[in-house]
Amino acid sequence: MKRTKVIDALQSTDYGQPICLKGWVRTHRSSKAVDFIALNDGSTIKNVQVVADPAKFDAELLKQITTGACIAVEGTLVESPAAGQPSEVQAEKIEVLGLCGADYPMQKKGQSFEAMRKNAHMRLRTNTFGAVMRIRHNMAMAIHTYFHEHGFFYFHTPLITASDCEGAGNMFQVTTKNLYDLKKDEQGKIIYDDDFFGEQTSLTVSGQLEGELGATALGAIYTFGPTFRAENSNTPRHLAEFWMVEPEVAFIDQEELMDLEEDFIKYCVRWALDNCRDDLEFLNKMIDKTLLERLEGVLKETFVRLPYTEGIRILQEAISKGKKFEFPCQWGDDLASEHERYLVEEHFKKPVIMTDYPRAFKSFYMKQNAPVDGNAANGASVGYKGAVAPGPTMQGTDVLFPQIGEIIGGSVREESYDKLMAEINRREMDMTHLWWYLDTRRWGSCPHAGFGLGFERLILFVTGMQNIRDVIPFPRTPKNAEF
């Protein structure tokens, strides 16, 4: 008999018809009169109840139907008399496809997410992680659908690169060299002539720079793929391997970029509410009781557009009134997550797009704001409502969300070759491996902008989970590359 998925069985009203289900046992309650088996196959957060008359089945077979066991059930779909479930299956035949012993780590009992990470290969079968993974799939579908509907082209950028996009330096090296016998020059530097690519290469930290090449040829592109950063960070917001969504668009300015960021993120949230309702209701009940309210609130609100200079003024005003922050908060400081969350969660109580950051801690490729009259010497630029910032600022556009902090980092890119080279020289950057990037400014340069969305941070927000290691199937973190 052809198998029916649990989600389809629960939606069917074809009562009295034969049906075949296959899946994993969530619970099994036995009595002399009747056995109740909760069966799930991953297609939905909901289980289908299988009702078995113990008189019809071998007692040893029923003993094998334990939590985690895989079974096939043939029977009749009937309308359920129990509240909260539309249908159930009266079993006629049960086959155990896979036994599951008492040492199965995902027994029906409370255990911490940290404990479940040690069994990441099995945690996917739990209700929580099943819900998270289904939502993760839907968010990927939302991203591809949004960009396809808006005329963007999916652009594949390399995972192996000889350049460091953001100058972070914390990259995973890719090599075929014998690490026990490395050739070195007279200065003790490794010689890469005999390596596979003939030069030092690493796993990419971003596809943005190559994405800009695509945008200056195709008009609007987006990348969506894994990125890697070898940072020794064990915070709930960092992974060594994570996925990034990076659109790049020609012929848009800062205001249009912010419009794109807000429209895109709202589309993703709306998709989740429309397509993942059962999973979201489960997570709202079990993980974060404010989840649905927060997601719906994002759709109702117009994002605040806040220059960094005004953001610092608000934060310093809060400090003067007794607010305590762990990290400093002066003009020129890179805002910490606690600062971003204060602005979003306490001051404005809605998402914020922060703009016009100081040049000191932003990337070389960002477009610099024009100096204010009389301040050309220090490069000071216009801040909030005409106020003059103490130093030069860049046209950044970072989206800050409740519970998360920064969820999108974006900017207008500097299209002028001379201005870009001036910034590169000021920072004393080595552009040996980025000559091709500079060519886009030499030949047919155009205004363009883009942003990067950390996919796992989006999943964190949409699911209400608290640790980024719990929204990716197999987290990669310092000292952890199992499974």
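The values are calculated or read from the model by the stated rules, or taken from the named source; none is laboratory data. The structure displayed is predicted, hence computed values, not measured ones. All Cβ positions, glycine included, derive from the backbone under ideal geometry; neighbour counts span all protein chains shown. Areas reflect the complete protein model, heavy atoms only, side chains present, ligands, DNA and RNA absent. Shrake-Rupley method; radii C 1.70, N 1.55, O 1.52, S 1.80 Å.
Below, the figures for the structure above:
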{"read-out": "Test: residue in region 305-317 that is open to solvent by 70 Å² or more (accessible area, probe 1.4 Å), charged (D, E, K, R) and touching a helix residue (DSSP H, G or I) at 6+ places or on another chain (Cβ under 8 Å)", "value": "yes"}
{"read-out": "Any chance GLY16 is touching a residue at least 40 places away in the same chain (Cβ under 8 Å), out of contact with any Asp or Glu (no Cβ under 7 Å at 6 or more places or on another chain) and either open to solvent by 80 Å² or more (accessible area, probe 1.4 Å) or not β-branched (Val, Ile, Thr) (or both)", "value": "yes"}
{"read-out": "Qualifying residues in region 230-250 (those that are assigned to a loop (DSSP other than H, G, I, E, B) and touching a strand residue (DSSP E or B) at 6+ places or on another chain (Cβ under 7 Å)) - the one surrounded by the most Cβ atoms within 10 Å (Cβ to Cβ)", "value": "LEU239"}
{"read-out": "Candidate set from region 122-155 (those that are of a type in the set (Lys, Arg) and farther than 22 Å from ASP263 by Cβ); member that is nearest to the chain's Cα centre (by Cα)", "value": "ARG134"}
{"read-out": "Extreme residue, most open to solvent (accessible area, probe 1.4 Å), among residues of region 362-379 that are at pLDDT 65 or above and in a loop (DSSP other than H, G, I, E, B)", "value": "ALA370"}
{"read-out": "So ARG305, is it over 30 Å from LYS46 (Cβ atoms), in contact (Cβ under 8 Å) with a residue 40 or more places away in the chain and among the basic types (Lys, Arg)", "value": "yes"}
{"read-out": "PRO392 being modelled with pLDDT under 95, surrounded by 15 or more Cβ atoms within 10 Å (Cβ to Cβ) and over 30 Å from LEU295 (Cα atoms)", "value": "yes"}
{"read-out": "Exclusive hit being over 30 Å from ASN138 (Cα atoms) and under 38 Å from the mean Cα position of the chain (by Cα), set LEU99, LEU21, LEU10, LEU61", "value": "LEU99"}
{"read-out": "Condition broken by ARG359, with the remaining ones in (1) crowded, with 21+ Cβ neighbours inside 10 Å; (2) modelled with pLDDT under 95; (3) over 20 Å from ASP164 (Cβ atoms); (4) not polar (S, T, N, Q) satisfied", "value": "(3)"}
{"read-out": "SER416 closer than 24 Å to SER163 by Cα, in contact (Cβ under 8 Å) with a residue 40 or more places away in the chain and polar (S, T, N, Q)", "value": "no"}
{"read-out": "Some residue of region 211-227 being in a loop (DSSP other than H, G, I, E, B), crowded, with 17+ Cβ neighbours inside 10 Å, out of contact with any Gly (no Cβ under 6 Å at 6 or more places or on another chain) and in contact (Cβ under 8 Å) with a residue 60 or more places away in the chain", "value": "no"}
{"read-out": "Flag if THR27 is hydroxyl-bearing (Ser, Thr, Tyr), in contact with a Pro (Cβ under 9 Å, 6 or more places away or on another chain) and either under 18 Å from VAL96 (Cβ atoms) or in contact (Cβ under 8 Å) with a residue 60 or more places away in the chain (or both)", "value": "no"}
{"read-out": "Search result, residues across region 318-356 that are among the polar types (S, T, N, Q), open to solvent by 50 Å² or more (accessible area, probe 1.4 Å) and within 27 Å of GLU256 (Cα to Cα)", "value": "SER337"}
{"read-out": "Residue pairs meeting the criteria (Cβ under 6 Å; at least 6 apart or on separate chains; first over 20 Å from GLY454 (Cβ atoms) and in contact (Cβ under 8 Å) with a residue 12 or more places away in the chain, in region 115-140; second surrounded by fewer than 18 Cβ atoms within 10 Å (Cβ to Cβ) and not hydrophobic (A, V, I, L, M, F, W, C))", "value": "ASN119/PRO105; MET122/PRO105; GLY130/GLY42"}
{"read-out": "Strands (runs of 3 or more DSSP E) contained entirely in region 391-483, each with at least 2 residues that are among the polar types (S, T, N, Q)", "value": "393-401"}
{"read-out": "Yes/no for LEU257 being closer than 28 Å to GLU406 by Cα, modelled with pLDDT of 95 or more and open to solvent by less than 40 Å² (accessible area, probe 1.4 Å)", "value": "yes"}
{"read-out": "Test: residue in region 35-45 that is open to solvent by 60 Å² or more (accessible area, probe 1.4 Å), in contact (Cβ under 8 Å) with a residue 24 or more places away in the chain and farther than 17 Å from ILE71 by Cβ", "value": "no"}
{"read-out": "Set GLU301, GLU346: member being of a type in the set (Asp, Glu), over 20 Å from SER411 (Cβ atoms) and at pLDDT 95 or above", "value": "GLU346"}
{"read-out": "Pairs, first under 14 Å from VAL73 (Cβ atoms) and at pLDDT 95 or above in region 92-103, second of a type in the set (Asp, Glu) and open to solvent by 40 Å² or more (accessible area, probe 1.4 Å), C-beta under 6 Å, six or more apart", "value": "GLU92/GLU74; LYS93/GLU74"}
